[in-house]
Amino acid sequence: MEAIVRACSAEGWPAQVAAVIANRPDAAGLAFAASHGIATAVVDHRQFPDRDSFDAALAQQIDGFAPELVVLAGFMRVLTAGFVDHYAGRMLNVHPSLLPSFPGLKTHQQALDAGVRLHGASVHFVTSQLDHGPIVVQSAVPVETGDTPATLAERVLATEHIIYPRAVRWFVEGRLALDGLRVTLTPPEPQWLFAGHTAGEGA
């Protein structure tokens, strides 16, 4: 979230961050947002008896800010199909793996257990199927000898801070189009990043 806020300001996007909403009152992002003059709100999931009622309250709060795009950042709750459908085509998520590989939790341990040589992150449009949906951009990092889930997570996170703001910028610039499960970017540019460098900047 912080990377997106900073990129929006630094790169002069034709948009602004309308609000930062958290399901935990102690979420660090709330203080960061407030310090940057961004509206904040909390919808505490513990105050609701079930997912449906929480999601309904969350959607009401989000819609009060009338956003064109909903960006999930560190939001670790499974959303109901009704909520996802309400924001179909205008909700993005970043997942720490090269989807469709390793959905769910503990992705870095999953990658190490599988013995893959490349791991990474994916920004995708959210659908009702968990950690699936049309992929906007992906990053890849090598899995190195001696890697632990923590060391691998650190390298992947550094790339997330590059590709997630990039994907959001493409959306607000009106450059993304959905064609089934494929995302078209116009005008085209690389929709991937390898090991901290972009296409054309090394082997």
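Restricting to the stretch 106-130, and then to whatever is assigned to a helix (DSSP H, G or I) and of a type in the set (A, V, I, L, M, F, W, C), can you tell me which residue is nearest to Asp179 (Cα to Cα)? The selected residue is Ala111. Counting residues in the stretch 91-100 that are out of contact with any strand residue (DSSP E or B) (no Cβ under 8 Å at 6 or more places or on another chain), farther than 22 Å from Ile4 by Cβ and either among the small types (Gly, Ala, Ser) or assigned to a loop (DSSP other than H, G, I, E, B) (or both) gives one or more. For the stretch 58-78, which residues satisfy the criterion of being modelled with pLDDT of 95 or more and either surrounded by 15 or more Cβ atoms within 10 Å (Cβ to Cβ) or under 21 Å from Ile163 (Cβ atoms) (or both)? Selection gives Leu58, Ala59, Ile62, Pro67, Glu68, Leu69, Val70, Val71, Leu72.
The condition (being over 26 Å from Leu178 (Cβ atoms) and not in a helix (DSSP H, G or I)) is satisfied by just one residue among Pro67, Pro14, Pro49, Pro103: Pro49. In the stretch 3-16, the residues that are farther than 19 Å from Arg175 by Cα and at pLDDT 95 or above form Cβ pairs under 8 Å with partners that are small (Gly, Ala, Ser) and part of a helix (DSSP H, G or I), at six or more places apart or across chains, as follows: Val5/Ala33.
Residue count for the stretch 168-186 satisfying the condition of being closer than 15 Å to Arg6 by Cα and part of a strand (DSSP E or B): 0.
Quick grid of which residues meet (1) at pLDDT 95 or above; (2) assigned to a loop (DSSP other than H, G, I, E, B):
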site: His132; (1), (2): no, yes
site: Ala140; (1), (2): yes, no
site: Val156; (1), (2): yes, no
site: Ile162; (1), (2): yes, no
site: Arg166; (1), (2): yes, no
site: Pro188; (1), (2): yes, yes
site: Glu201; (1), (2): no, yes
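Filtering the stretch 31-46 to residues that are farther than 16 Å from Ser9 by Cβ and part of a helix (DSSP H, G or I) leaves Ala31, His45, Arg46.
Exactly one residue out of Ala39, Ala19, Ala10 is among the small types (Gly, Ala, Ser) and over 25 Å from Val137 (Cα atoms): that is Ala39.
Being surrounded by 15 or more Cβ atoms within 10 Å (Cβ to Cβ), on the phi < 0 side of the Ramachandran plot and within 19 Å of the chain's Cα centre (by Cα) holds for only one residue in Ala177, Ala153, and it is Ala153. Just wondering, is there one or more residues in the stretch 132-144 that are in contact (Cβ under 8 Å) with a residue 60 or more places away in the chain and surrounded by 12 or more Cβ atoms within 10 Å (Cβ to Cβ)? Within the stretch 132-144 (the criterion being in contact (Cβ under 8 Å) with a residue 60 or more places away in the chain and surrounded by 12 or more Cβ atoms within 10 Å (Cβ to Cβ)), the answer is no, since none of the residues qualifies.
Screening the stretch 145-165 for residues that are of a type outside the set (A, V, I, L, M) and in contact (Cβ under 8 Å) with a residue 60 or more places away in the chain and picking the one that is nearest to Pro103 (Cα to Cα) gives Glu160.
The values are calculated or read from the model by the stated rules, or taken from the named source; none is laboratory data. Please read these numbers as outputs of a predicted model, since none were measured by experiment. Glycine gets a Cβ as well: all are built from the backbone with ideal geometry, and neighbour counts include every protein chain shown.
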